[in-house]
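To start, the structure under review is shown below, and the notes come after it.
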Amino acid sequence: MKLRQIDGETLKKMFIQGAYKLSKNREVVDSLNVFPVPDGDTGTNMFLTMESAVSEISKIKEPSISNIAKAIADGSLMGARGNSGVILSQIFRGFEKACKDKEVLSIKDFSTALKSASDVAYKAVMKPIEGTILTIIREVSKKALEITSKNLDFNEFFSEIIEYGEKILEKTPDMLNALKQAGVVDAGGKGLIFILKGFEEALNGEISEEEINTYSSKVQIKDEHDGVIEFGYCTEFIIKGNSSYLNELKNKIKNLGDSMLVVGDEDLIKVHIHTNNPGKVIEYGLEIGELINIKIDNMRYQHQNKVVANKDIKKTEEKKKYGIISVAMGEGLYNIFKDLNVDKVISGGQTMNPSTEDIVKAINEINADNIFILPNNSNIILAANQAKEITEKNVFVIPTKTIPQGITSLIQFDPSLSIKENFDNMMEALNNVKTVQITYSVRDSSFKDLKINKGDILGIADGEIISVGNSINSVADEALRKVINDEHEILTIYYGSEISEETANEFASKMEEIYPELDIEVYFGGQPLYYYIFSVE
């Protein structure tokens, strides 16, 4: 049967299947990160954004084109995470604009909606870059409008626009040099193609009604549980055992929860996961070796207590002139920001980008006339700006891309100054600090003249890989030598969850010998994935 019109129920199935398709392939999309570092999260961010949209449309009992499209736009807007998620939410917002008051969608209507999706997404980005998800949605919409004159049904229509979109995707490395150097296609564009393929599968009946309903119900249950928490127990421990079992352990526990982190050296493996079955995770750990530093926190209980506490605080809290929100991940960094009088520290950063809704909630919980937001990550700035547009409060986003930028800008904040003076001072401070981060490679790659093998230690300075090697301290030493010059006065070391205090202090002592003119400070950051974060001022 040739399908030439889409009704609300069909559109609902298409978006649910689009999310389902992306969920099955998000690791593929995550792996397309330009840098081979362990923070490739484009697929995860797009999926979580889609999941939020699905949770909204799953609540609609009598779907029409207009109310399904609106639910998709609203759900994705609040659930948007990372740059890719925010852009995807703007694509859906544009799609919704063209679906207002529609009972059904013809191929021409759908093509027009894709064009509107492209237009709105482009306008939402201050400096659109070609070779990204923006290019894919624009070219797909252009192709869609070109073929509306053909006598096609929807199945044929999707087949053509997806085939064309995949051809454009293969050309993205020619449009963006960073993709060519990394040897990958654009991750966001790949994610969008998976969503469109999900649409096509729903139209072709390639997935059973039962499977769609099961997935839809699962998303809805998550949404209704307590607002945000699907896996209730934050489970952490260290295994005294051979790290050759690391990948085997990852595979065993990856389906037991989310926010998984499994890293190690020759003798120790650090495990972190949010799960509903901590006992099972611990059992798998015991198969490898002795467990130490076991910690299990009930996050739902903590969340409920926090909500009650916040309500009590709001009753007595006087309105302030200023409030500050910062994003950080790691116990030490959390405490540092709180010590700097930050009102709300949102847990997040690499691999865990907070959603627009997370940021809006933090804004609403602060009783202040003016609120500054420090994203501290380039992949969170768009979500922060989107939250700013949604709320009615007076919000200012300082586009901090790193933790050191966030801390330096905070030091310049003075509650006695005017909004403009604080904003200007905090913005100016961003130029006075350099950030160096030490992490590891998750795949073979190359960057400029550097050959990178999976497992190599990487030194990254303000977004560029500048040193590669096998030793954490050696790579850190080399990276700092390339960054520090005679004008610098302060080196601050934030050591991560995988570095001991003793090791960090030993490295600091070495730096004091090399740079006797620098004031060197050492702080526990507790951040995952990044062994060190250095601030050079």
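The values are calculated or read from the model by the stated rules, or taken from the named source; none is laboratory data. What you see is a predicted model, and the numbers here were worked out from it, not measured in a lab. Neighbour counts are summed over all protein chains in view; Cβ atoms, including those assigned to glycine, are modelled from backbone coordinates with ideal geometry.
Quick notes
Residue-by-condition table, conditions (1) closer than 25 Å to Pro173 by Cα; (2) aromatic (Phe, Trp, Tyr); (3) in contact (Cβ under 8 Å) with a residue 40 or more places away in the chain:
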| residue | (1), (2), (3) |
| --- | --- |
| Leu77 | no, no, yes |
| Cys99 | no, no, no |
| Lys108 | no, no, yes |
| Tyr122 | yes, yes, no |
| Ile129 | yes, no, yes |
| Ile136 | yes, no, yes |
| Lys142 | yes, no, no |
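- Residue match in region 434-447 (condition: loosely packed, with under 13 Cβ neighbours inside 10 Å, in the same structural domain as Lys482 (by TED's automatic domain parsing) and at negative phi): no
To keep it simple, each residue is scored yes or no on (1) surrounded by 24 or more Cβ atoms within 10 Å (Cβ to Cβ); (2) of a type in the set (A, V, I, L, M); (3) assigned to a helix (DSSP H, G or I).
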{"residue": "Leu11", "(1), (2), (3)": "yes, yes, yes"}
{"residue": "Val28", "(1), (2), (3)": "no, yes, yes"}
{"residue": "Pro36", "(1), (2), (3)": "yes, no, no"}
{"residue": "Phe47", "(1), (2), (3)": "yes, no, yes"}
{"residue": "Val54", "(1), (2), (3)": "yes, yes, yes"}
{"residue": "Glu62", "(1), (2), (3)": "no, no, no"}
{"residue": "Ala71", "(1), (2), (3)": "no, yes, yes"}
{"residue": "Arg93", "(1), (2), (3)": "no, no, yes"}
{"residue": "Cys99", "(1), (2), (3)": "yes, no, no"}
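So that you can scan it fast, the table gives a plain yes or no per residue for (1) buried (at least 20 other Cβ atoms within 10 Å of the Cβ); (2) of a type outside the set (Lys, Arg):
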| position | (1), (2) |
| --- | --- |
| Leu382 | yes, yes |
| Lys388 | no, no |
| Lys401 | no, no |
| Gly406 | yes, yes |
| Leu410 | yes, yes |
| Ser416 | no, yes |
| Ile419 | no, yes |
| Leu450 | no, yes |
| Asp462 | no, yes |
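- Condition check for Lys190: of a type in the set (Lys, Arg) and modelled with pLDDT under 60: no
Matching residues to (1) charged (D, E, K, R); (2) closer than 29 Å to Ile269 by Cβ; (3) touching a Ser or Thr at 6+ places or on another chain (Cβ under 6 Å); (4) surrounded by fewer than 18 Cβ atoms within 10 Å (Cβ to Cβ):
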| site | (1), (2), (3), (4) |
| --- | --- |
| Lys454 | yes, yes, yes, yes |
| Ile457 | no, yes, no, no |
| Ser474 | no, yes, no, yes |
| Ala479 | no, yes, yes, no |
| Ala504 | no, yes, no, no |
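- Among (1) hydroxyl-bearing (Ser, Thr, Tyr); (2) modelled with pLDDT under 95; (3) surrounded by 16 or more Cβ atoms within 10 Å (Cβ to Cβ) - the single one Ser378 does not satisfy: (3)
- Residue list for region 49-70, filter: under 14 Å from Phe95 (Cβ atoms) and of a type in the set (Lys, Arg): Lys70
- Positions within region 139-160 being under 28 Å from the mean Cα position of the chain (by Cα) and among the hydrophobic types (A, V, I, L, M, F, W, C), in sequence order: Val140
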